[in-house]
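Novice: Can you read through this structure? Questions will come right after.
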Amino acid sequence: MGDDAMDRAAARNDAVVNAGKESQPGVSHADRIDDDGGRPAKWRIVGPGLVVAATGVGAADMVATLVAGSRYGYGLFWAVIVGVVLKIILVEGAGRYTLATGKTIFEGWRSLGKWTTWYFGPYIMIWGFVYGATAMSSAALPLAAVFPFLPLWAWAILMGLAGFAMVWWGKYATFEKITAVLVGMMFVTVVGLAVIAAPNIPEMLAGLIPMIPSTDGGIFYTLALAGGVGGTITLAAYGYWLREKGWYTPKWMKVMRIDNSMAYVMTGIFVIAMLIVGAEVVRSAGVSLSASDEGLLDLYGVLKAEYGDVVGTGFLVGFWAASFSSIIGVWNGVSLMFADFWGNMRGKESGHPDTRVGGKYFRFYILWLTFPPMVLFALGQPIGLILLYGALGSLFMPFLALTLLGLLNGRRIPKAWANKLHSNIALGICALLFIVLGLRQFWTSLSPLFGG
């Protein structure tokens, strides 16, 4: 056996010996030895931050940014930057809580009261059912456009099965590597397209000056763009991915912050590239994009006419990579969140094998995300379920921001890692923004019940 193999074996033995160390009197979470046997923490480009950022940016974010560019040029460039900063703040808070306390985000929510469980339980079940169908359809759209010999619903089922297989049988390390490849595809195709489109640098710089469009709904469109750059339930999954990576204790705090910041900077570049395409290509073509995922197919038609088949098809590759990365990210990360939730409800501690990757609760939710939603391809959109999905979903980002304020202050976190004044102000701004957006979306979701 080589020296490296012996070191890894020793590290695993240390991890086993220390696995229960926190339960011993007088031993704090910070004194725990990680799976690496106590080696210095080192940052790597591919990590949980890249996973959470890639998972959060899907077709809906791409369409919203394209539409912003086509309507307002670079006027909302500043809002995109704000959106990236807000996500760095939120995800850093979720990661800091996990590393500082050794607890999962769901354990933290439970400490705030039973109301968190009463919200999160129904939400994660309804969200998973509707999102499963939405994600599969989104990833199928570019394939159906390039390979029309199969209908959209058939491609959607194939995408769901592919994501299911990768997550069901894959380990976290494999999942992370696949995500990195998809991010590379997204980045090269979309950023390359922005370079071809030749951005107007002076106008981009002018777009850093905050402005709100005077058109109807301009203020809410601006807030939605700032709040929607990669903003989903997967933000809260970051702590679970830290654990799967083997980052457990406060010694990883600096690495976690670098990991999170660099990942969202990369996300910001990707989103800015979409804004450039909207401003330079869609706007000049005078095309009105669909507000749904089909808007990306509208762009495919514009690119094909303007630059030819190679560029148009290249964009569809990036579209597919963004959508499929969301499938495997949600199938992995939200399944871990559900497994932790259900394990706690069954009296099992967070980290129990049933709640980890490959555990029975984890696998149940993968099945829930994949197969029941396929029924929606035949039924269309059941109105009552869609309304409930929208209403509960509108509350999640305010829920995350407000609960993080509670978890990162006071007795629930060691004083050394609690929020400082500037952290509370930043997180408070996040909470205010998401409350405004959430209330508007909540009303929009339920207004059909009142004839709206």
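Novice: Using the structure shown, decide if SER284 is farther than 24 Å from GLY93 by Cα and open to solvent by 40 Å² or more (accessible area, probe 1.4 Å). Full working, then the answer.
Specialist: Numbers: farther than 24 Å from GLY93 by Cα: yes; open to solvent by 40 Å² or more (accessible area, probe 1.4 Å): yes.
Taking the combined requirement at face value, the residue satisfies it.
Novice: Tell me the helices (runs of 4 or more DSSP H) entirely within the stretch 236-322 that contain at least 1 residues that are more than 25 Å from LEU86 (Cα to Cα) and either of a type outside the set (Lys, Arg) or over 17 Å from the mean Cα position of the chain (by Cα) (or both).
Specialist: Helices (runs of 4 or more DSSP H) meeting the threshold: 294-307.
Novice: So which helices (runs of 4 or more DSSP H) stay within the stretch 127-219 end to end and still have 2 or more residues that are buried (at least 21 other Cβ atoms within 10 Å of the Cβ)?
Specialist: The qualifying helices (runs of 4 or more DSSP H) are 152-169, 172-197.
A quick yes/no check of all residues on (1) touching an Asp or Glu at 6+ places or on another chain (Cβ under 8 Å); (2) within 30 Å of GLU244 (Cα to Cα):
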residue: ILE269; (1), (2): no, yes
residue: VAL277; (1), (2): no, no
residue: VAL281; (1), (2): yes, no
residue: GLY295; (1), (2): no, no
residue: GLY329; (1), (2): no, yes
residue: GLY333; (1), (2): no, yes
residue: PHE341; (1), (2): no, yes
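Novice: For the stretch 291-334, give me the residue count where each residue is modelled with pLDDT under 85 and touching a Leu at 6+ places or on another chain (Cβ under 8 Å).
Specialist: Selection size over the stretch 291-334: 8.
Novice: Can you pull out every residue in the stretch 165-201 that is more than 28 Å from PRO353 (Cα to Cα) and of a type in the set (Phe, Trp, Tyr)?
Specialist: Across the stretch 165-201, the qualifying residue is only PHE187.
Novice: In the stretch 378-409, which residue that is open to solvent by 60 Å² or more (accessible area, probe 1.4 Å) and at pLDDT 65 or above is nearest to GLU107 (Cα to Cα)?
Specialist: LEU402
Novice: Could you count how many residues in the stretch 329-360 are open to solvent by 10 Å² or more (accessible area, probe 1.4 Å), more than 12 Å from PHE106 (Cβ to Cβ), out of contact with any Lys or Arg (no Cβ under 8 Å at 6 or more places or on another chain) and in a helix (DSSP H, G or I)?
Specialist: 2
Novice: Taking interchain pairs and intrachain pairs at least six residues apart, which have beta carbon atoms under 7 angstrom, with the first residue in the stretch 142-154 and within 21 Å of MET62 (Cβ to Cβ) and at pLDDT below 90 and the second open to solvent by less than 60 Å² (accessible area, probe 1.4 Å) and among the small types (Gly, Ala, Ser)?
Specialist: LEU152/SER137; LEU152/ALA140; LEU152/ALA144
Novice: Still on this model: Please go through the stretch 182-216 and give me each residue that is in contact with a Ser or Thr (Cβ under 9 Å, 6 or more places away or on another chain) and β-branched (Val, Ile, Thr), ordered by number.
Specialist: Matches in the stretch 182-216: VAL183, ILE212.
The values are calculated or read from the model by the stated rules, or taken from the named source; none is laboratory data. All of these numbers come straight from a predicted model, not from anything done at the bench. Please note: Cβ atoms are built from the backbone with ideal geometry, for glycine as well, and neighbour counts cover all protein chains shown. SASA here: full protein model, heavy atoms, side chains in, ligands and nucleic acids out. Shrake-Rupley method; radii C 1.70, N 1.55, O 1.52, S 1.80 Å.
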